[in-house]
1. Got at least one residue in the range C:100-109 being surrounded by fewer than 16 Cβ atoms within 10 Å (Cβ to Cβ), at the interface with chain B (Cβ under 9 Å from one of its Cβ atoms) and part of a helix (DSSP H, G or I)?
2. If only one of B:LEU143, B:LEU137 is outside any helix (DSSP H, G or I) and in contact with a helix residue (DSSP H, G or I) (Cβ under 8 Å, 6 or more places away or on another chain), which one is it?
3. Inspect the range A:102-112 for any residue being within 14 Å of chain B (Cβ to nearest Cβ) and not in a strand (DSSP E or B) and give the result as yes or no.
4. Just one of (1) surrounded by fewer than 20 Cβ atoms within 10 Å (Cβ to Cβ); (2) closer than 17 Å to B:GLY85 by Cα; (3) within 21 Å of the chain's Cα centre (by Cα) trips up B:THR139, so point out which.
5. What residue, of C:THR226, C:THR217, is surrounded by fewer than 23 Cβ atoms within 10 Å (Cβ to Cβ), more than 10 Å from chain B (Cβ to nearest Cβ) and polar (S, T, N, Q)?
6. Give me the pairs: first residue in the range C:254-274 and on the phi > 0 side of the Ramachandran plot and in contact (Cβ under 8 Å) with a residue 40 or more places away in the chain, second residue hydrophobic (A, V, I, L, M, F, W, C) and part of a helix (DSSP H, G or I), beta-carbon distance under 6 Å, and six or more apart or on different chains, which are they?
7. Which of (1) among the aliphatic types (A, V, I, L, M); (2) outside the structural domain of B:SER230 (by TED's automatic domain parsing); (3) closer than 30 Å to C:ASP137 by Cβ; (4) in a helix (DSSP H, G or I) is the odd one out, the single condition B:MET71 does not satisfy?
8. Given the conditions (1) touching a residue at least 24 places away in the same chain (Cβ under 8 Å); (2) surrounded by 22 or more Cβ atoms within 10 Å (Cβ to Cβ), and given that A:ALA346 satisfies all but one, which numbered condition is not satisfied?
Amino acid sequence: MKKKVLALLLCVGLAAGGLGGCGEPDAPGKETPEAESGEETISGEVHMAYWAIEFDGYLNRCIEEFNKIYPDIKIVLEPAAWDEYWTKLEAASTGGSVADVFWMNGPNVMKYVNGGVMEPIDGYLENSDIDLNRYPEGMVQLYHVNGKQYGIPFTFDTIGVWYNKKLFDAAGVPYPKDDWTWEEMVDTARQLTKEDKSVYGMATQLEAQQCYYNTIFAMGGEVISEDRKSSGFDKAETQAGIQCWVDLQEEEISPSLASLAETAPDVQFLSERVAMLWYGSWFVSAVEASDLVNDVDVVELPSMNGNKGTVIHGVINAISSASENKEAAWKWVEFLGQEKANVICAEEGIIPALEGTPEKWVSAHPQYNLQSFITSAENYSYAYPVSENSAVWERPMIENLKKAYCLEVDVKEACDTIAKEMNEALAKE
Amino acid sequence: MKKKKLRMGHVLAYLFLISGILITVFPFLWMILTSLKSQTEAIRVPPTIFPAKLIFENYVTVFEKIPFARMYLNTIISAVVTILGHLVICSMAAYAFARLKFPGRNVIFMLLLAVLMIPSSLFILPQYLIVQKLGLLNTIVALFLPNLFSAFGTFLLRQFFMSLPDELEDAARLDGCSRFMIYARIMLPLIRSGLAALGIITLRFAWNDLMWPLIVNTSTHKMTLSAGLSYLQGQRWADYPAMMAGAVMAVLPLLVLFIVFQKQFIEGIAMSGIKG
Amino acid sequence: MGKRGKKTNISSIKERFWGYTMIAPLVTGLSVFYFYPVIKVFFDSFRDVGAFNQGDWCGIRNYQELFADPVMWQALGNTLKYVVIIVPGMLLLSLILAALLNMNIKGRSLFRVIYFIPAITMGAAVAMIWKWIYNGDYGILNQILQLCGFEKIRFLGEEATALPAVCVVCIWGSVGYNMIILLAGIQGISKTYYEAAAIDGAGGIRQFFNITLPMVTPTLFFVLITNLIGTFQTFDAIYMLVPNTSMAAGSAQSLVVYFYRNAFSYSRRGYASAIAVVLLAIIMAITAVQLKVQKYWVNYDE
């Protein structure tokens, strides 16, 4: 009997030993403020997570320059595919093992701030020559949460219409101009669409940032109210910004939604299946790397009833609150916000955010009408609409718009449903 | 009359088998052909069957885009350790369950069988948190740690141990060998075929596993080939020929190994069915 | 007599010592990575766990939501469809192939080897190839269909075809593996049965139904059980072939994929845990039923 008890204890002990080992909270070593030390003594590894492989060239050049100043800080890049980036970031954040520096975007910023994952940088900014007034105000504000600043924008993007000059020439259609209208665009798309559907005039993507947010703004609608308390989808102007896309669905001037979901619109554009594409300024590097490098140009979004609108959005480098080497992480983030990194950014095809450097981006790629992106940012850009937990209402938004795009329900019905679900979600925030 | 009928049967059998072979092989052929085309040619409509010009650069591109060599190494390390872990840990436990008497043995073994039925994908989150608490995220160890312990392997090897006659052990025990020595020196060599079967099944699993390595390691330098392919596919500008080149290279080692050791592979898998 | 008794005692203590020592690594590992997670998932299914693991008790709310969630029911329905299509399809094909390869035909071993290749091929690579073949704009399959005068089918992008298309890939990938197991089972059948049948004048097909099929039922049962459970867990193929952005995502996602998306994409850990518990219950129930029913059709005396 005794032995049985002993055996049982042994078993339980083994199991508990296993459990205990993992149940113990790991002490993340409360950050002891590092002794005041000269910059050159800062050392260690800084891991950086980001989602776009196209940025490798820019980041590698930045690392090279950075290491000239801080030779002892090693930057380790951790790229991820977009779909997996947020999954991984969230999983890693759950127990505080997120990369020291990671990219953060508008829709997710509040969630991560409230989750305590991001480190405010106000303290660091005090002792730095970074002047936030020299960055686009909308971008700075986007990352100013609950009275604290969480990052320096290093890039921003707006939307334009990229077009394939070869396909325009072949169809004998004149190139679009910056002052064109929505009706002119639709008409152009009709002329470009080939009878046998081997070429479509445009792509009616079900994409918020690239497409319908822009038309919502141009029509004078809003996605979310200014105080972020209520949905704008029940407004007639907002619904008009959706209706214009739905109207195109029956026209057959675009690959079907299913086609665009299966083969990404940018791939279809670069494989010359789509002649015009609503897409972001970040597309420059992909275009330059493609076969179409000399056959593509870009214009501003068309005006709707005389008004224009484009979403402006930008990404920051956030510092992890669990980082064990925040000093070094900050030095890297600071460097990426400074002039030198912004110039590299411009040369590598990405719009830099620092005042005076976007022009360098334009002049570094003279073959394209990149000024259109800067003009639109200055004159009619609207901040990417977000709330505390945008993901909660973005999912039903996309699901319902999908139904409207597929003509299963009419736009008003879909938008009213979105407004209802969105208001419920916002009330919970 | 009868003979003719038989021959007809054979013809039908061949027809069936050969069309099956074509369906089986076609995706691989198409993968190889695509991997040698240029991106423009790969997405041309209508498609060309054979590449107009053989582009071997796609294979180089894969190495430039992602640390593919490193992923190879990670996959090999992870697979080898997982196999060794299975062989040692499972065979030890299997021996104990099959041939030693101790209180609680049957209860513990039943619990083990329950694990067999549970889809491990459901526990990926707690497993992730444990690995995180151990401070092992983004390490090679994280790739194989939870996979070292296999209920299936134990179950399989237990069947092998149970089929060995008792007399073998009795003689050694009279000579004063400890049970562990008997296991290590006498019994283990006798179930070589079982170990080979388990090794092969584990290799197949460890080489191809996707979900766990995808979540647990974020740095591309710590990824396995499977996760690397998924990463390659998730890029904005999908480079189909490079993706296919990556797939060819990821599949190749196991394929070569299989062709060399096909007899062992097939016997191993067959054995798991009979013993299981 | 007394001496002998003492000796057994010592040896049985030793036996116990080695017993516990030798299972210790396995039991420890399984406790940490499997038993603890089972408890944790069960526990979490009653909590409102969102992003970053902050969460409170919420009683059975997750389950209430779950049973009222049409997407969950659709995913459950899809899972059943996968099982109903893949398992019989795969069993039938692998049984036919095994029977044919058991015949006295040339090139048997070559056939065996080639059929087995998909079984050792990385799931991620398989999905990548098939996605490319199925592609509605550039895929070879659609080009062939068009050449033959058919309409294009967007296999993975349409609600009606996405699930069957995934099934084809799953069957393609598992037939060879199961065929090998079944073939071994068939080859284990004593030749005397066939000789007796041949004397009675039974042809190949009758021999198959009268001898092969009944005698191979134990192996068939093994293959059935493992594939039933395996199909319930299908993840890689669906996750990679029909991503969340696809128009057919909802009509192809299985319960495991829906679990994964809730846990990792939608940050609803508690809800995901409830899905896991339900899935677990279903698998347990099916296994129990199978074990009960097997005595009616599995033939164990050889």
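1. yes
2. The conditions single out B:LEU137.
3. no
4. Just one mismatch for B:THR139, condition (2).
5. Of C:THR226, C:THR217, the one residue that is surrounded by fewer than 23 Cβ atoms within 10 Å (Cβ to Cβ), more than 10 Å from chain B (Cβ to nearest Cβ) and polar (S, T, N, Q) is C:THR217.
6. Matching pairs, first to second residue: C:SER267/C:ALA51.
7. It is condition (2) that B:MET71 fails.
8. A:ALA346 satisfies every listed condition except (1).
The values are calculated or read from the model by the stated rules, or taken from the named source; none is laboratory data. All values reported here derive from a predicted model rather than from experimental measurement. All Cβ positions, even for glycine, are placed from backbone atoms using ideal geometry, and neighbour counts span all protein chains on display.
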